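*Asks:* Below are the structure tokens for one structure; questions will follow.
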Amino acid sequence: MNFKPQIYPKVAQAIVNIFRNSGIEYAFGVSGGAMAVLWEALGNNLEVLHFRHESGAAFAATEAYFASQKPVVVFTTTAPGITNALTGLLAARGEKAKLILLSAYTSAPLRGRGAIQETSSYTLPTSLFISGSLFDEAVVMESPDQLPQIASRLARGLAQPGGFIAHLSIPTEIQSKVCKLPLPQLLTASSVSLPSPQTIDYCLELLQEKTFAIWLGFGARGSAQLVHELAEKTGAAVICSPRAKGIFPESYPQFVGVTGMGGHDAVFDYLEECAPCRILVLGTRLAEPTSFLSPLLVPRGGFVHVDLDPLVPGMAYPHAQTFAVEADIKEFLASLLSRLPANPSQDSPELKRSQYPHPVAVQTLAPRSEGLIRPQFLMQSIQKIIVEDTNSIVLAESGNSFTWATHYLRFQTPNRYRVSTGVGSMGHAVTGVIGAALASQNKAVAIVGDGAMLMNSEVNTAVKYQIPAVWIVLNDGRYNMCHQGMETLGLTGGDAIFPQVNFALLARSMGADGIQIEREDDLAITLQNALNSPKPFIIDVFIDPNIVAPSGGRNRTLKTQMSSKQSDQDISFPAIS
């Protein structure tokens, strides 16, 4: 009788099998000799995109996750490959994405001997390779026998609610060893935190006492329908963080405005005029980009703050009265709604409805025949042609691009608008747009500054894989948030001006389409051409650098921090033109 010998997979193949079983389809990164065996296994089993820089790969992976809700692998070689990816991975953790960093590690016999790009405790901080402040799960794999445990840990991490960033580093000599232990067949389910009936009853008691408003964060993005139902039943006004735009329709009468960076004065007008007793906070840290930590946003009765992370409630406003609820927002809202009257009336004693002023409508601008393009007019064109007439994901870069887009664009559905308010790195949207376009299988549009476009660009990568990304570059030849901020703060000596770049020419040199725009009359047709083009497309927009962006809240908090004469109670949100 002939017996076929057992064929065992190499470690590299076994790792990729784990990824595939976890629903992973994409791997983004930059290769290197130390991870050649891993690269081979990835390339033969997943859709692999080779990037120009590891941080660009990590930013793109983050946005691919949010566009698809499927985890993504970021792969790197040794030392500089790992450290290059860190900024993007830190952003991913702050955004609560689910990514796995797969890296190479120097083989044991070479450690401490000056190996090429040595990666070991002799050369790099150990925090890169252990679970903690950088990674939710991290391990250096020294034996194939670790694979079952690694598979179990990754499965549990990826199944948990919220984000999960793991780092699996495999020495070169281990990658090609065979794995003889069977991998576990794990069936995992996401465990959500359920609010108790007593908690829901107390929340109802607090919210029923007097009027309340709803403050939405990014963590509520999966609960749009329930949020709308709660607002309809209670008459509560709704405000949101920049990342939460679109969870509640911004055209709806009960929507007041956006808080924080690029936000609206209407929020402060509402809180002053209507003075709701409490605010129900859903899925936001209320950190500086969302609130500027302004005491004017704290209602007299404080917050009912719902979040999966027990450390979030009370973090931004430790002195505010806060009833913290550790729960999944969808489960919380479902329980809350089940206990509300079916059709509460306007004068219902159970739920006293607040009145809310609608935000002032954005002024419609006519194109002007002379002068550089006004950023407000650019946003108006983007609103009509991209936001309203397509379902494209729109990303806004850090800096003035963030504030212009957040302030002027209006979204009616969730998951259409993406900004980063955690790490807030320049280059996030510039490269993230590739991941968003690839994973959504649709056009994705990044609104970026010229500074970010030169800091970390993956246009060449988009050309290689023919990914339908569009970049709208606000070209003013400077880091204009810095430039305008220094002027606002009355500081001199800082130079944020650079030679202006022809990004349309740069696009064409890399095989993309590109058009340079200097007249407002040309914007509409160019935006349409970009949407119709099968190629990656850069629209190089010469904007007026002297029009001040709606960044006053940021400048005011900086001024407060620099002045010893002002206290925390002086922080407020200045008027926005």
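*Asks:* Give the residue that is nearest to the chain's Cα centre (by Cα), with candidates limited to residues of segment 498-520 that are open to solvent by 80 Å² or more (accessible area, probe 1.4 Å) and under 27 Å from residue 365 (Cβ atoms).
*Replies:* Result: 500.
*Asks:* With the requirement that a residue be surrounded by fewer than 20 Cβ atoms within 10 Å (Cβ to Cβ) and assigned to a loop (DSSP other than H, G, I, E, B), what does segment 284-296 give you?
*Replies:* 287, 293
*Asks:* Right, next: For residue 260, are the conditions met, namely being in contact with a helix residue (DSSP H, G or I) (Cβ under 7 Å, 6 or more places away or on another chain), assigned to a loop (DSSP other than H, G, I, E, B), at pLDDT 95 or above and closer than 24 Å to residue 320 by Cα?
*Replies:* Criteria met by residue 260.
*Asks:* Tell me the residue from 194, 168, 183, 230 that is part of a helix (DSSP H, G or I) and farther than 21 Å from residue 418 by Cα, please.
*Replies:* Residue meeting the stated conditions: 230.
*Asks:* From the list 549, 575, pick out the single residue that is at pLDDT below 95, surrounded by fewer than 13 Cβ atoms within 10 Å (Cβ to Cβ) and among the aliphatic types (A, V, I, L, M).
*Replies:* When all the criteria are applied, what remains is 575.
*Asks:* So if I check each of 313, 299, 357, 318, which one is outside any helix (DSSP H, G or I) and at pLDDT below 95?
*Replies:* Of 313, 299, 357, 318, the one residue that is outside any helix (DSSP H, G or I) and at pLDDT below 95 is 357.
*Asks:* Moving on to the next point. Name the single residue, out of those in segment 322-339 being under 14 Å from residue 234 (Cα atoms) and open to solvent by 50 Å² or more (accessible area, probe 1.4 Å), that is modelled with the lowest pLDDT.
*Replies:* 339
*Asks:* Here is a further query. Quick one: which residue in 266, 275 is farther than 20 Å from residue 242 by Cα and surrounded by fewer than 23 Cβ atoms within 10 Å (Cβ to Cβ)?
*Replies:* Within the list 266, 275, the selection yields 275.
*Asks:* Let me ask another. Looking at (1) open to solvent by 10 Å² or more (accessible area, probe 1.4 Å); (2) more than 30 Å from residue 283 (Cα to Cα); (3) assigned to a helix (DSSP H, G or I), which is the only condition residue 438 fails?
*Replies:* Result: residue 438 fails condition (2) only.
*Asks:* So which residues in segment 187-244 are open to solvent by less than 50 Å² (accessible area, probe 1.4 Å) and among the basic types (Lys, Arg), if there are any at all?
*Replies:* Listed by number, the residues that qualify are 233, 243.
*Asks:* Please work out if residue 85 is part of a helix (DSSP H, G or I) and of a type in the set (A, V, I, L, M, F, W, C).
*Replies:* Judged against the criteria, residue 85 is a match.
*Asks:* Give me the pairs: first residue in segment 122-143 and farther than 16 Å from residue 111 by Cα, second residue basic (Lys, Arg), beta-carbon distance under 9 Å, and six or more apart or on different chains, which are they?
*Replies:* Every condition considered, the pairs that remain are 134/93; 135/93; 136/93; 137/153; 137/156; 139/153; 143/177.
*Asks:* Could you please find all residues in segment 451-468 being over 18 Å from residue 398 (Cβ atoms), touching a helix residue (DSSP H, G or I) at 6+ places or on another chain (Cβ under 8 Å) and either surrounded by 19 or more Cβ atoms within 10 Å (Cβ to Cβ) or not hydroxyl-bearing (Ser, Thr, Tyr) (or both)?
*Replies:* Residues satisfying the conditions are 459, 461, 462, 467, 468.
*Asks:* Do we have residue 45 as more than 28 Å from residue 118 (Cβ to Cβ) and either assigned to a loop (DSSP other than H, G, I, E, B) or touching a Cys at 6+ places or on another chain (Cβ under 7 Å) (or both) here?
*Replies:* yes
*Asks:* Further, regarding this structure: Output yes when any residue across segment 481-498 is of a type outside the set (A, V, I, L, M, F, W, C) and closer than 22 Å to residue 383 by Cβ, and no when none is.
*Replies:* Within segment 481-498, none of the residues are of a type outside the set (A, V, I, L, M, F, W, C) and closer than 22 Å to residue 383 by Cβ.
*Asks:* Further, regarding this structure: Mind checking which residues of segment 52-109 are open to solvent by 10 Å² or more (accessible area, probe 1.4 Å), closer than 25 Å to residue 283 by Cβ, among the hydroxyl-bearing types (Ser, Thr, Tyr) and in contact with a helix residue (DSSP H, G or I) (Cβ under 7 Å, 6 or more places away or on another chain)?
*Replies:* 68, 87
The values are calculated or read from the model by the stated rules, or taken from the named source; none is laboratory data. Owing to the predicted nature of the structure, the values given are computational and were not obtained by experimental measurement. Cβ: placed from backbone, ideal geometry, glycine included. Neighbour counts: every protein chain shown. Please note that ligands, DNA and RNA were not included when accessible areas were found on the heavy atoms of the full protein model with its side chains. Shrake-Rupley method; radii C 1.70, N 1.55, O 1.52, S 1.80 Å.
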